[in-house]
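Report on the structure given below.
The values are calculated or read from the model by the stated rules, or taken from the named source; none is laboratory data. A quick note: this is a predicted structure, and the numbers were derived from the prediction, not measured. Ideal geometry is used to build each Cβ from the backbone, glycine not excepted, and the neighbour counts take in all protein chains shown. The area values use the complete protein model at the heavy-atom level, side chains included, leaving out ligands, DNA and RNA. Shrake-Rupley method; radii C 1.70, N 1.55, O 1.52, S 1.80 Å.
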Amino acid sequence: MVLQQDIKVPIWGMADPGETVTVSLAGQTKITKGAADGKWRVNLDPLQTAEGLVLTVQGSKKIEVKDVLVGEVWLGAGQSNMVGRINDYKGRDEGSKKALAAGPFPGLRLFNQETGRWTEATPTTVGNFSALLFHFGAGLLSELKRPVGLMVGAVSGTPSGYWFTEDMYLADESAQAAVKEFAKTYDLNLALEKYDIQLADWKKKAEAARAAGQNPGIEPDRPLPPGGSKAELGHLYKKHILPMVPYGIRGVLWDQGEGGTGITGLDQYHAMGALIKGWRDSWGRDFPFLYVQKPSGGGTAWDLADAITKNASPFAALPAQVPPLVWGEQREMYLKIQTYLNTAMVSSTDLGGETHPSNKSGYGERAKRVALAFVYGHAAEYSGPLYSSHKIEGNTVRIAFTHVGKGLAVRHSEKLQGFQIAGEDRKFFWADAVIAGDEVIVSSKNVPTPVAVRYAWSSQIPWANLFNQAGLPAQTFRTDDWSSKSRPAR
């Protein structure tokens, strides 16, 4: 096993009520008794990096856990992009193929939730383990020079609402307020009328498909009232996460989003707020929470020949028309999650897209980069430029950024592109943009009195080419708060 260093380490189990239990490790001894229900727990004092330790638990019986390492423990969670195994990607991802040939990895341990046991990372065990989490962990092992333990709790095709309990949801005032606000403009009866039409149409097409030996497709979901869910909230948390609480971990790496929230009227930003707080409360620690940006890919990269970003979109010319508001709202939603305490986003616009990006080694490498800087304090930039503030100066708008690193840069063209600008009429035009130190100045002859600016505002953004000199792409932003009439229900 691997225990987390630098924190109090929980060790727990079952005994007879009143039975004395003695826990010993690395010169420490803790004594407790089984409670009335038989449960017991001790907290070991913080440990330092170590290998080859023996954990002894002595009650009426004696248990020894040998070959105990002390280092870094990370929990990976989410849906299919966290579930996907090295064996699933080795034919499409050179990094995953090389990983199988490079093992074993003596300092890397993998926790199997089905067996409840830890195992050393070898070509055999790695092949059936999460590709994303393995590459993340192997990278940390190489950089930190200390043992790494990896635990996974993930299920394909699952919404975030199934990963936090109803109590966590009800305790989150922001999530409750978001659903109440949604309910003000949601007409359930109208939604049911539309559903009846859709269902009838689906049944007709499904019958024809079956007669032709074809797949009938997925039956439409019946609309639910605001706050409603078609499955029990938290059932996946209880099955796949709760058994690991309160095991000492450094933090969480989360990859989910394609499955939405599963709760009518609750957006991903507020759902993740309830999840992050709920999990931290369960563990009793405000541990770092890293998450992979959604939607995946869609943008170009600093270096399209780099193994990490080779699947990025080729640089493209600007579309003839600026994208509508709704096209950028999903990107904005996921960017907001990093405003929660001790939370950081693993940017992915330049890593290649699709529902299941094949470049899992690249995604793991990017996640490692974020962890090293955000969690472990390494002096390296881990994010592309993020909007900080703006100032309107006559017919121009001056945009300031954080995460500029050693400076802003334009790539693949002499002209900086991807910015939109609008006046009071809310009509956006592509803008002229120039870098001025750590800022960007935006203007357009079509907008003499500017009010708002947007950047990379779309689901696909291969034409946006602002980076920092660390080679990381600037992220989507807008300075306005104008709403869309076509915001999705969930």
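The table below lists the values:
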| item | result |
| --- | --- |
| Gln113 open to solvent by 30 Å² or more (accessible area, probe 1.4 Å), out of contact with any Phe, Trp or Tyr (no Cβ under 6 Å at 6 or more places or on another chain), under 21 Å from Lys30 (Cβ atoms) and among the polar types (S, T, N, Q) | no |
| Subset tally (residues that are of a type outside the set (S, T, N, Q) and surrounded by fewer than 24 Cβ atoms within 10 Å (Cβ to Cβ)) for region 130-146 | 6 |
| Residue in region 381-393 that is assigned to a loop (DSSP other than H, G, I, E, B), in contact with a strand residue (DSSP E or B) (Cβ under 9 Å, 6 or more places away or on another chain), touching a residue at least 12 places away in the same chain (Cβ under 8 Å) and more than 19 Å from Asp350 (Cα to Cα) present | no |
| Residues of region 1-44 classified as in a strand (DSSP E or B) and either in contact (Cβ under 8 Å) with a residue 24 or more places away in the chain or open to solvent by less than 40 Å² (accessible area, probe 1.4 Å) (or both), total | 23 |
| Answer from Arg478, Arg398, Arg426 - the residue that is under 30 Å from Ala183 (Cα atoms), open to solvent by 10 Å² or more (accessible area, probe 1.4 Å), touching a Lys or Arg at 6+ places or on another chain (Cβ under 6 Å) and not aromatic (Phe, Trp, Tyr) | Arg478 |
| Top-ranked residue in region 241-274 [being within 12 Å of the chain's Cα centre (by Cα) and assigned to a helix (DSSP H, G or I); ranked as nearest to Ala191 (Cα to Cα)] | Gln268 |
| Test: residue in region 85-103 that is touching a His at 6+ places or on another chain (Cβ under 9 Å), over 14 Å from Leu150 (Cα atoms) and aliphatic (A, V, I, L, M) | yes |
| Region 439-467, residues that are surrounded by 17 or more Cβ atoms within 10 Å (Cβ to Cβ), over 28 Å from the mean Cα position of the chain (by Cα) and part of a loop (DSSP other than H, G, I, E, B) | Ser444, Val447, Pro450 |
| Among (1) at pLDDT 95 or above; (2) hydrophobic (A, V, I, L, M, F, W, C); (3) touching a Leu at 6+ places or on another chain (Cβ under 7 Å) - the single one Ala373 does not satisfy | (3) |
| Meets criteria (β-branched (Val, Ile, Thr) and assigned to a loop (DSSP other than H, G, I, E, B)) for Thr115 | yes |
| Residue in region 82-105 that is assigned to a strand (DSSP E or B) and of a type outside the set (Lys, Arg) present | yes |
| Selection count, region 337-364, where residues are under 21 Å from Leu100 (Cβ atoms) and part of a helix (DSSP H, G or I) | 5 |
| Hits in region 279-313 (condition: among the polar types (S, T, N, Q) and either in contact with a Gly (Cβ under 9 Å, 6 or more places away or on another chain) or within 19 Å of His356 (Cα to Cα) (or both)) | Gln293, Ser296, Thr300, Thr309, Asn311, Ser313 |
| The listed residue being open to solvent by 30 Å² or more (accessible area, probe 1.4 Å), closer than 30 Å to Tyr162 by Cα and β-branched (Val, Ile, Thr), out of Thr125, Thr49 | Thr125 |
| Hits in region 296-305 - residues which are in contact (Cβ under 8 Å) with a residue 40 or more places away in the chain and open to solvent by 30 Å² or more (accessible area, probe 1.4 Å) | Trp302, Asp303 |
| Single match in Leu53, Leu75, Leu47 (criterion: within 24 Å of the chain's Cα centre (by Cα) and either part of a strand (DSSP E or B) or over 30 Å from Ala307 (Cα atoms) (or both)) | Leu75 |
| Residue within region 176-194 that is aromatic (Phe, Trp, Tyr), in contact (Cβ under 8 Å) with a residue 12 or more places away in the chain and over 30 Å from Lys66 (Cβ atoms) present | yes |
| Test result for Ser229, hydroxyl-bearing (Ser, Thr, Tyr), part of a helix (DSSP H, G or I), under 23 Å from the mean Cα position of the chain (by Cα) and surrounded by 14 or more Cβ atoms within 10 Å (Cβ to Cβ) | no |
| Subset tally (residues that are under 31 Å from the mean Cα position of the chain (by Cα) and either of a type in the set (Val, Ile, Thr) or loosely packed, with under 14 Cβ neighbours inside 10 Å (or both)) for region 56-72 | 2 |
| Residue selected from region 355-377 under the condition without any contact (Cβ under 8 Å) to a residue 60 or more places away in the chain and more than 16 Å from the chain's Cα centre (by Cα), by the criterion surrounded by the fewest Cβ atoms within 10 Å (Cβ to Cβ) | Gly377 |
| Residue match in region 273-280 (condition: open to solvent by 50 Å² or more (accessible area, probe 1.4 Å) and not acidic (Asp, Glu)) | yes |
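One line per residue, one yes/no per condition, for (1) in contact with a Pro (Cβ under 7 Å, 6 or more places away or on another chain); (2) surrounded by 13 or more Cβ atoms within 10 Å (Cβ to Cβ); (3) at pLDDT below 95:
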| site | (1), (2), (3) |
| --- | --- |
| Leu170 | no, yes, no |
| Lys180 | no, no, no |
| Leu190 | no, no, no |
| Ile197 | no, no, no |
| Glu207 | no, no, yes |
| Arg210 | yes, no, yes |
| Pro216 | no, yes, yes |
| His235 | no, yes, no |
| Trp254 | no, yes, no |
